[in-house]
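Undergrad: My questions all concern the structure below.
The values are calculated or read from the model by the stated rules, or taken from the named source; none is laboratory data. A quick note: this is a predicted structure, and the numbers were derived from the prediction, not measured. Heads up, the Cβs are rebuilt from the backbone with ideal geometry, glycines too, and the neighbour counts pull from every protein chain shown.
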Amino acid sequence: MKKTKYIAFIGTGAWASALANVVSQNGYHVKMYGINDQEISEINKGFNRKYFGNRSFTNPENIQASTDLEYVLKDCETAVIAIPSVAIRSVLKQLSAILKYKKINIVNVSKGFDDLSGEFLSDLIKTKLNRNLKSFATFAGPSYASEVFEEHLTLINVFASNKDFEELLIQKFNNHYFQLIPCADEHTGEILAALKNVLAIGIGISSFNHPGKNSHSALISIGTKEILQIALQLKPSTNVAIGFELAGIGDIFLTCSSTQSRNFTFGYSIAEKGLKETLKKQELTVEGYASAKTLAKILQQNNIKNVPLLESIITILQGQKEPLLLTDFLIKN
C-alpha cells in the first residue's frame, strides 16, 4: 500500500495555520510541528484559537499537529518553514539532524534576516540544509493570515529554484481564493519582505504623530525608494521593477496601511506609550523589530548611506531618539 505523502509545516503560528488550511482544503494531508502543547491540542481538534478564535480549519481531518519533529517529518516530501527568524537557526539544526541525508523540498515563508550573520534567511536555510535540499522556494506578498484563513482573495509571489517545483507548489496551493504568482529574483523579494516590516514600524510611529494621509503616502514612497536603494547596493544586478510586484509595493502598502499589521501597531504604540512600555506589553512576534537590528549592521558593514527614514526608525528602536522626531530629517533637508 502506498504511503501518504505529507506537507510538513514547521510552525503553528498564524501564517503556518493559514497556509496549512489552504493545502488541506485542496485535499492534501498536512502535519504541523509546534512547541506549545495547548496550541497543538487545539489544532488537533480543528482550531487555532490564539489567532482565529472559534473559526475552525476547513478540512481538520487532513491536519495533524505534534511536538515531535521527527514524526512530522516522516513521509514528508515538502516542508514549509513558518517560524520567527530568531528561531530559525535552532530549528534548522534539528531538521538537519533528523533528515540526515534525506532530500526534501523546502519552502520558506519566514520574513527577516538571520540575526547572527545578517544573511538572508533563504541563504541560511540553503547553507544549513545543503545536503537535504531537493528544491527550494520562498513566498512573499500582501497577505494577512487572518484574511487567508477567512478565504479572502489573496495573491502572493512564489520565488522557486526551478520550474517543476514552482508548478508543484501552484498545484498544491492555488484555489479559488489563494494564488501563487511566479516571480524571479528571490534575494530582492526577500529584502523587500524583511525591510517593509521595519518601514511599517516607522509608518505606525508617523501615523500617531501625523495622522493625515498626505504624510502617510509620502513616507511609504520615501521608504520604498530607500529599500530598493539598499537592494541595489547589496546586489547591483537587482531589477528594481520587482518593486512593482506583489512582494514589492503590494506587501509594503498592506503592511504599512492597516492596524492588522503587527509592525504598524507596534510603531503606533511606541509613539503613543514609549518604547519601553510597548516592549513590555508585546506578546506576539514583531519581525520588524528584529530586522531593524540586523539592518543597522548591514548599513554599517556595507557603508550604505542616504536612507534617512530607515536610519531614523532604527535610532528610535535603539532608544536613542524620541518617536516624535521620526521625520526631523525632512526639515533638515
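Undergrad: Can you pull out the residues in segment 30-57 that are without any contact (Cβ under 8 Å) to a residue 60 or more places away in the chain and in a loop (DSSP other than H, G, I, E, B)?
TA: G34, I35, N36, K45, G46, N48, G53, N54, F57
Undergrad: Related question: For T78, work out the one condition from (1) surrounded by 15 or more Cβ atoms within 10 Å (Cβ to Cβ); (2) not in a strand (DSSP E or B) it doesn't fulfil.
TA: Here T78 clears every test but (2).
Undergrad: Kindly provide the set of residues from segment 210-219 that are closer than 22 Å to S291 by Cβ and either surrounded by fewer than 22 Cβ atoms within 10 Å (Cβ to Cβ) or at pLDDT below 95 (or both), ordered by number.
TA: Within segment 210-219, just H216 meets the criteria.
Undergrad: Considering only segment 184-210, state which residues are closer than 18 Å to P142 by Cβ and of a type in the set (A, V, I, L, M, F, W, C).
TA: I191, L192, A193, A194, L195, V198, L199, A200, I201, I203
Undergrad: Only one residue in I191, I201 is among the aliphatic types (A, V, I, L, M) and modelled with pLDDT of 95 or more. Which one?
TA: I201
Undergrad: Just give me the residues in segment 94-147 being crowded, with 20+ Cβ neighbours inside 10 Å, among the small types (G, A, S) and farther than 21 Å from I7 by Cβ, in sequence order.
TA: The one that is crowded, with 20+ Cβ neighbours inside 10 Å, among the small types (G, A, S) and farther than 21 Å from I7 by Cβ: G112.
Undergrad: If we scan segment 34-55, do we find a residue that is farther than 22 Å from Y144 by Cβ, buried (at least 18 other Cβ atoms within 10 Å of the Cβ) and under 20 Å from the mean Cα position of the chain (by Cα)?
TA: Scanning segment 34-55, I find no residue that is farther than 22 Å from Y144 by Cβ, buried (at least 18 other Cβ atoms within 10 Å of the Cβ) and under 20 Å from the mean Cα position of the chain (by Cα), so the answer is no.
Undergrad: Turning to a different aspect of this structure: Which one is surrounded by the fewest Cβ atoms within 10 Å (Cβ to Cβ), of the residues in segment 152-188 that are outside any loop (DSSP other than H, G, I, E, B) and at pLDDT below 95?
TA: Selected residue: H187.
Undergrad: If we keep just the residues of segment 276-333 that are under 22 Å from T265 (Cβ atoms), among the acidic types (D, E) and within 23 Å of the chain's Cα centre (by Cα), which is surrounded by the most Cβ atoms within 10 Å (Cβ to Cβ)?
TA: E287
Undergrad: Just one of the numbered conditions (1) touching a residue at least 40 places away in the same chain (Cβ under 8 Å); (2) more than 24 Å from A184 (Cα to Cα) is not true of I230; which one?
TA: The number of the failed condition is (2).
Undergrad: Continuing with this model, one more query. So is K235 more than 18 Å from S143 (Cα to Cα), among the charged types (D, E, K, R) and in contact (Cβ under 8 Å) with a residue 40 or more places away in the chain or not?
TA: Judged against the criteria, K235 is a match.
Undergrad: Can I ask one more? Would you check if there is a residue in segment 325-332 being part of a helix (DSSP H, G or I), in contact (Cβ under 8 Å) with a residue 40 or more places away in the chain and closer than 22 Å to N209 by Cβ?
TA: Taking every residue of segment 325-332 in turn, none turns out to be part of a helix (DSSP H, G or I), in contact (Cβ under 8 Å) with a residue 40 or more places away in the chain and closer than 22 Å to N209 by Cβ.
Undergrad: Filter segment 58-75 for residues that are in a helix (DSSP H, G or I) and touching a residue at least 12 places away in the same chain (Cβ under 8 Å); which is surrounded by the most Cβ atoms within 10 Å (Cβ to Cβ)?
TA: Taking the candidates together, the pick is V72.
Undergrad: Additional query: Considering only residues that are surrounded by 19 or more Cβ atoms within 10 Å (Cβ to Cβ), under 18 Å from the mean Cα position of the chain (by Cα) and assigned to a helix (DSSP H, G or I), which ones fall in segment 250-275?
TA: Residues satisfying the conditions are G250, D251, I252, L254, T255, R262, N263, F264, T265, F266, G267.
Undergrad: With the condition kept exactly as written, say whether any residue in segment 18-29 is out of contact with any helix residue (DSSP H, G or I) (no Cβ under 8 Å at 6 or more places or on another chain) and more than 24 Å from E77 (Cα to Cα).
TA: Scanning segment 18-29 turns up no residue that is out of contact with any helix residue (DSSP H, G or I) (no Cβ under 8 Å at 6 or more places or on another chain) and more than 24 Å from E77 (Cα to Cα).
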